[in-house]
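Student: Please find one structure pasted underneath; my questions will follow.
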Amino acid sequence: MEWTKHDLLDLHDLSRAELELILKTAKSFKEVSSREVKKVPALRGKTVVTLFFEPSTRTRVSFELAAKRLSADTLNIAASGSSLSKGETVLDTALNIEAMNVDAIIVRHFSSGVPSILAENLRSSVINAGDGCRAHPTQALLDMFTIQERFGRIEGLKVGIVGDILHSRVARSNIHGLTRMGASVTVCGPSTLMPIGIEKLGVNVNYNLDDVIQESDVIMLLRIQKERQQEKYLPSIREYAKVFGIRQQRLQKAKKRVLIMHPGPTNRGVELTADIADGEHSVILEQVTNGVAIRMAILYLLLGTKK
Amino acid sequence: MDADNIRRAVSRMSHEILEKNKGIGNVCIIGIRTRGAVLADRISQTIKEIEGKEVPVGILDITLYRDDLTMVASQPVVHETLINFDVTDKKIVLVDDVLFTGRTIRAALDAIIDFGRPANIQLAVLIDRGHRELPIRADYVGKNIPTFIDQNVHVVLEESDQKEDKVVIENKIV
């Protein structure tokens, strides 16, 4: 299997063999982060820029650490405090950054499709760090990596994705990735937050959380995105927590080795209670650790060799 | 070289390692993926048969330290490095199958030094085929084979290639 892609925009574009190569490469990079000297010279002399139009801690820091551990130079640009607030278009900003000879641009934007437009117009590699409600490929990859590490496989597992499916790019990327790897995915959430026609992506829809808990090997919770939440979707956050929140008593019917995942940031007491978030089934912090390994693998595959 | 020659060479190199280091106190073996790792296992097995003690063995993947990484066209697959001991103050025997330009060894030396500060690093290779591009030499050599620079030296080992052990020299197909 040889890597030929120039950008990482959406898991939908990747074959199973490509997904497997990323997961395998990430396994090797995880070891690098556990060393005393957490740095290898693979991307010496390369420059990686993060261009974020939405707030982020985890993803941006994770990409930056990944690049640094590969010896690349990094630069961070946030929408506020840049010329974007003076009216420059996204593409102009990106072209200007590229004119300074950078090798990769990691972009997050609140509008779906921005990374694809940049990829069409730039010579540098574009990595999607989340665009609107469309895709967040590295999050899905790190989720898949965590699942594979815990179960030794992805094929044949039952994964329940619970929460605001409508606004979730994490859900969409996970659906594409997990189904391609042979997992069976069920989505669950309030009907107002369930996109019409989601079954066409090859998933089951179930509105009863207790059924989903009972049959799943992995329960992936999505954050209630208060910034994308107009009051009309939910009667109240309290009601959501009551109907779709995970708590100890509910988990009693779950499989013994069930994994509880959350892409963060968690709203404790909403998507899950604090004791579950810190409990034996939770792999929330492991997901964060694995995120660096996955992003190192992506940077290495996209930038490691002459294209 | 056939399987018997390889077995004898590994056995002799194991003895030499013991002789030079006066036993196995503080000695650790690190094999370079893929075939160096196989040879490292064999050497440690042989040493165990002679001395009755285990020598720690590690596996090193040097892909990320290659000096030609940004120049090769296809992506070399990165494999895991497994070194489960602290290299600081140890005598490290680095093992590879073929010593050629010396660039792989340069990369391996950099990688090992990122793990700590060994007391010394020694080099064991099954085949030394000449044509060095860097000032590097081996401490233990299975066999010196003079070659032309455009020939290929293939080491086949049962564990990694599922075929009987042998060393073959091929002329590159033009």
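The values are calculated or read from the model by the stated rules, or taken from the named source; none is laboratory data. Bear in mind that the values here come from a model prediction, so they are computed numbers and not experimental data. Because the Cβ atoms are built from the backbone with ideal geometry, glycine has one as well, and the counts that use them run over all protein chains shown.
Student: Does A:His6 satisfy the condition of being surrounded by fewer than 17 Cβ atoms within 10 Å (Cβ to Cβ), more than 14 Å from chain B (Cβ to nearest Cβ) and in contact (Cβ under 8 Å) with a residue 40 or more places away in the chain? Before you say what the answer is, go through the steps one by one.
Tutor: On the way: surrounded by fewer than 17 Cβ atoms within 10 Å (Cβ to Cβ): yes; more than 14 Å from chain B (Cβ to nearest Cβ): no; in contact (Cβ under 8 Å) with a residue 40 or more places away in the chain: yes.
No; evaluated as a whole, the condition is false for this residue.
Student: From the list B:Arg42, B:Arg66, B:Arg103, which residue is closer than 15 Å to B:Val10 by Cα and touching a residue at least 24 places away in the same chain (Cβ under 8 Å)?
Tutor: Values: B:Arg66 fails: closer than 15 Å to B:Val10 by Cα; B:Arg103 fails: closer than 15 Å to B:Val10 by Cα.
Going through B:Arg42, B:Arg66, B:Arg103 in turn, just one is closer than 15 Å to B:Val10 by Cα and touching a residue at least 24 places away in the same chain (Cβ under 8 Å): B:Arg42.
Student: Moving on to the next point. For residues in the stretch A:33-44 being assigned to a loop (DSSP other than H, G, I, E, B) and in contact (Cβ under 8 Å) with a residue 24 or more places away in the chain, which is farthest from B:Val77 (Cα to Cα)?
Tutor: Of the stretch A:33-44, the ones assigned to a loop (DSSP other than H, G, I, E, B) are A:34-44.
Restricting the remaining residues to those that are in contact (Cβ under 8 Å) with a residue 24 or more places away in the chain gives A:38-44.
Values: A:Lys38: 20, A:Lys39: 18, A:Val40: 15, A:Pro41: 16, A:Ala42: 13, A:Leu43: 15, A:Arg44: 18 Å.
Here the answer is A:Lys38.
Student: Show the residue pairs that are 6+ apart or on different chains and have beta-carbon atoms under 8 Å apart, the first residue being within the stretch A:17-32 and within 12 Å of A:Arg295 (Cα to Cα) and more than 8 Å from chain B (Cβ to nearest Cβ), the second being surrounded by fewer than 18 Cβ atoms within 10 Å (Cβ to Cβ) and at pLDDT 95 or above.
Tutor: Pairs that qualify, where the first residue is within 12 Å of A:Arg295 (Cα to Cα) and more than 8 Å from chain B (Cβ to nearest Cβ) and the partner is surrounded by fewer than 18 Cβ atoms within 10 Å (Cβ to Cβ) and at pLDDT 95 or above, are A:Lys30/A:Thr289.
Student: To continue, here is another question. Which ranges mark the helices (runs of 4 or more DSSP H) fully within the stretch A:192-279 that have 1 or more residues being out of contact with any helix residue (DSSP H, G or I) (no Cβ under 6 Å at 6 or more places or on another chain), farther than 30 Å from A:Gly152 by Cβ and among the basic types (Lys, Arg)?
Tutor: Details: elements: A:209-215, A:237-244, A:248-251, A:274-277.
Ranges flagged: A:237-244.
Student: Of everything in the stretch A:251-307 that's free of Cβ contacts under 8 Å to residues at least 24 places away in the same chain and basic (Lys, Arg), which residue is farthest from A:Asp143 (Cα to Cα)?
Tutor: The qualifying residue farthest from A:Asp143 (Cα to Cα) is A:Lys306.
Student: Here's another thing I want to ask about it. Could you tell me which of the residues B:Phe85, B:Phe148, B:Phe100, B:Phe115 is at pLDDT 95 or above and among the aromatic types (Phe, Trp, Tyr)? Can you show your working first?
Tutor: Details: B:Phe85 fails: at pLDDT 95 or above; B:Phe148 fails: at pLDDT 95 or above; B:Phe115 fails: at pLDDT 95 or above.
From the options B:Phe85, B:Phe148, B:Phe100, B:Phe115, the qualifying one is B:Phe100.
Student: Same structure again: Out of the stretch A:54-97, which residues are β-branched (Val, Ile, Thr) and in contact with a strand residue (DSSP E or B) (Cβ under 8 Å, 6 or more places away or on another chain)? Step through it out loud before you land on a result.
Tutor: Taking the stretch A:54-97 and keeping what is β-branched (Val, Ile, Thr), we get A:57, A:59, A:61, A:74, A:77, A:89-90, A:93, A:97.
Those that are β-branched (Val, Ile, Thr) and in contact with a strand residue (DSSP E or B) (Cβ under 8 Å, 6 or more places away or on another chain): A:Thr59, A:Thr74, A:Ile77, A:Val90, A:Thr93, A:Ile97.
Student: Taking the stretch B:109-128, which residues are away from chain A (no Cβ under 14 Å) and of a type in the set (Gly, Ala, Ser)?
Tutor: Going through the stretch B:109-128, the residues away from chain A (no Cβ under 14 Å) turn out to be B:119-128.
Residues satisfying the conditions are B:Ala119, B:Ala124.
Student: While we're here: Would you confirm, using the coordinates I've provided, whether B:Ala138 is in contact with a strand residue (DSSP E or B) (Cβ under 7 Å, 6 or more places away or on another chain), under 22 Å from B:Ser14 (Cα atoms) and without any contact (Cβ under 8 Å) to a residue 60 or more places away in the chain?
Tutor: Values: in contact with a strand residue (DSSP E or B) (Cβ under 7 Å, 6 or more places away or on another chain): yes; under 22 Å from B:Ser14 (Cα atoms): yes; without any contact (Cβ under 8 Å) to a residue 60 or more places away in the chain: yes.
Spelling it out, B:Ala138 is indeed in contact with a strand residue (DSSP E or B) (Cβ under 7 Å, 6 or more places away or on another chain), under 22 Å from B:Ser14 (Cα atoms) and without any contact (Cβ under 8 Å) to a residue 60 or more places away in the chain.
Student: Follow-up. Determine if the stretch A:295-302 includes at least one residue that is surrounded by 19 or more Cβ atoms within 10 Å (Cβ to Cβ), away from every other protein chain (no Cβ under 14 Å) and not charged (D, E, K, R).
Tutor: No, there is no match, as no residue in the stretch A:295-302 is surrounded by 19 or more Cβ atoms within 10 Å (Cβ to Cβ), away from every other protein chain (no Cβ under 14 Å) and not charged (D, E, K, R).
Student: Further, regarding this structure: Determine whether the stretch B:99-108 contains at least one residue that is within 14 Å of chain A (Cβ to nearest Cβ), part of a helix (DSSP H, G or I) and hydrophobic (A, V, I, L, M, F, W, C).
Tutor: The initial filter retains those residues of the stretch B:99-108 that are within 14 Å of chain A (Cβ to nearest Cβ), namely B:103, B:106-108.
From what is left, the residues that are part of a helix (DSSP H, G or I) are B:103, B:106-108.
From what's left, hydrophobic (A, V, I, L, M, F, W, C): B:107-108.
Yes: the stretch B:99-108 contains one or more residues that are within 14 Å of chain A (Cβ to nearest Cβ), part of a helix (DSSP H, G or I) and hydrophobic (A, V, I, L, M, F, W, C).
Student: Return the residue satisfying two criteria in turn: it lies in the stretch B:144-165 and is surrounded by 14 or more Cβ atoms within 10 Å (Cβ to Cβ) and in contact with a helix residue (DSSP H, G or I) (Cβ under 6 Å, 6 or more places away or on another chain), and of such residues it is nearest to B:Arg7 (Cα to Cα).
Tutor: B:Asp165
Student: Could you check B:Ser74 against (1) within 14 Å of A:Ala42 (Cα to Cα); (2) in a loop (DSSP other than H, G, I, E, B) and say which number it fails?
Tutor: It fails just one condition, (1).
Student: A further question follows. Can you work out which of the residues in the stretch A:40-63 that are within 14 Å of another protein chain (Cβ to nearest Cβ) and in contact with a Leu (Cβ under 8 Å, 6 or more places away or on another chain) is surrounded by the most Cβ atoms within 10 Å (Cβ to Cβ)? Working first, answer last.
Tutor: Residues of the stretch A:40-63 that are within 14 Å of another protein chain (Cβ to nearest Cβ), as a first pass: A:40-47.
Imposing the further condition that a residue be in contact with a Leu (Cβ under 8 Å, 6 or more places away or on another chain) reduces the set to A:40-43, A:46-47.
Working: A:Val40: 24, A:Pro41: 17, A:Ala42: 24, A:Leu43: 27, A:Lys46: 21, A:Thr47: 19.
Within the stretch A:40-63, the match that is surrounded by the most Cβ atoms within 10 Å (Cβ to Cβ) is A:Leu43.
Student: So A:Ser34 fits all but one of (1) in contact with a helix residue (DSSP H, G or I) (Cβ under 9 Å, 6 or more places away or on another chain); (2) surrounded by fewer than 18 Cβ atoms within 10 Å (Cβ to Cβ); (3) closer than 16 Å to B:Asp61 by Cβ; what number is the exception?
Tutor: Only one criterion in (1) in contact with a helix residue (DSSP H, G or I) (Cβ under 9 Å, 6 or more places away or on another chain); (2) surrounded by fewer than 18 Cβ atoms within 10 Å (Cβ to Cβ); (3) closer than 16 Å to B:Asp61 by Cβ is unmet by A:Ser34, namely (1).
Student: With outside the structural domain of A:Gln214 (by TED's automatic domain parsing), surrounded by 24 or more Cβ atoms within 10 Å (Cβ to Cβ) and among the β-branched types (Val, Ile, Thr) as the only criterion, which of A:Ile97, A:Ile106, A:Ile147 stands out? Show your work before the answer.
Tutor: Numbers: A:Ile97 fails: surrounded by 24 or more Cβ atoms within 10 Å (Cβ to Cβ); A:Ile147 fails: outside the structural domain of A:Gln214 (by TED's automatic domain parsing).
Sole residue among the options that is outside the structural domain of A:Gln214 (by TED's automatic domain parsing), surrounded by 24 or more Cβ atoms within 10 Å (Cβ to Cβ) and among the β-branched types (Val, Ile, Thr): A:Ile106.
Student: Report, ordered by the first and then the second residue, all pairs with beta carbons closer than 6 Å, sequence separation of six or more or different chains, a first member in the stretch B:71-94 that is within 13 Å of chain A (Cβ to nearest Cβ) and touching a residue at least 12 places away in the same chain (Cβ under 8 Å), and a second member that is surrounded by fewer than 20 Cβ atoms within 10 Å (Cβ to Cβ) and acidic (Asp, Glu).
Tutor: What qualifies is B:Glu80/A:Glu31; B:Thr81/A:Glu31.
Student: Still on this model: Being part of a loop (DSSP other than H, G, I, E, B), of a type outside the set (A, V, I, L, M) and in contact with a strand residue (DSSP E or B) (Cβ under 9 Å, 6 or more places away or on another chain) is the filter here, so list the residues in the stretch A:130-179 that pass it.
Tutor: So in the stretch A:130-179, the residues part of a loop (DSSP other than H, G, I, E, B) come out as A:132-134, A:136, A:152-157, A:163-168.
Add one more test, that the residue is of a type outside the set (A, V, I, L, M), and what stays is A:132-134, A:136, A:152-153, A:155-156, A:163-164, A:167-168.
Listed by number, the residues that qualify are A:Gly132, A:Arg134, A:His136, A:Gly156, A:Gly163, A:Ser168.
Student: Please indicate, with yes or no, whether at least one residue in the stretch B:121-133 is surrounded by fewer than 14 Cβ atoms within 10 Å (Cβ to Cβ) and either at negative phi or not in a loop (DSSP other than H, G, I, E, B) (or both).
Tutor: yes
Student: Please verify whether the stretch A:102-125 includes one or more residues that are of a type in the set (A, V, I, L, M, F, W, C), in a helix (DSSP H, G or I) and modelled with pLDDT under 95. Walk me through how you get there before you give the answer.
Tutor: So in the stretch A:102-125, the residues of a type in the set (A, V, I, L, M, F, W, C) come out as A:102, A:104-107, A:110, A:114, A:117-119, A:122.
Those still in the list that are in a helix (DSSP H, G or I) too: A:114, A:117-119.
From the residues that got through so far, the ones that are modelled with pLDDT under 95 too are none.
The answer is no; no qualifying residue exists.
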